[in-house]
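The block underneath contains the structure these notes are about, expressed in structure tokens.
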Amino acid sequence: MAKRGRPASTLTMTDQERAELLAHLAIRKAPADEKLRIRIVLGCADGESGPTLAHRLKTTSQTVSKWRRRYQAYRFAGLSDAPRAGRPRTVQDEHVQAIVDKVR
């Protein structure tokens, strides 16, 4: 069967970056979505193809492609959630803290 689409760009990382990712992966209480992103990046760095990696991690090829691109562009900082559009906050942190203090 012929391959479709653009070929995936190769992902390279230093030993220090790999060690940092593996350290974050070893944190037991780390969010599951963050661990998935790290596994995607490590699999891409090991040369695993997108569809194979997506099948192994039970996700989609689009998800693999997204996090590969984000890691290439922003390195470790790219693995966190981006700010989302929406209504700005109307309650300031100081007001929330005042209510919490009053309740205590």
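Table for the structure above
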{"quantity": "Among 19-27, 44-52, 88-96, 76-84, the order from most to least packed when residues are scored by Cβ within 10 Å on average", "calculated": "44-52, 19-27, 76-84, 88-96"}
{"quantity": "Answer label for Cα Rg over 2.2 N^0.38 Å (calculated), chosen among (i) 1.00; (ii) 1.45; (iii) 1.35", "calculated": "(ii)"}
{"quantity": "Charge context of Thr12, other residues only, Cβ under 12 angstrom, K/R +1, D/E -1", "calculated": "0"}
{"quantity": "On Cα atoms only, tilt of 15-26 relative to the major axis of the chain in degrees", "calculated": "60 degrees"}
{"quantity": "Integer Hz, Karplus 6.51/-1.76/1.60 couplings in order for region 66-73, x for Gly and Pro", "calculated": "4, 6, 5, 5, 5, 5, 4, 7"}
{"quantity": "Helix-only mean residue ellipticity at 222 nm for the chain, each DSSP H run of n ≥ 4 adding -39500 (n - 2.57), per residue, nearest 500", "calculated": "-17500 deg cm²/dmol"}
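Only the coordinates and a few stated rules stand behind these numbers; no lab work does. All values reported here derive from a predicted model rather than from experimental measurement. So basically every Cβ, Gly included, is an ideal-geometry build from the backbone, and we count neighbours across all protein chains shown.
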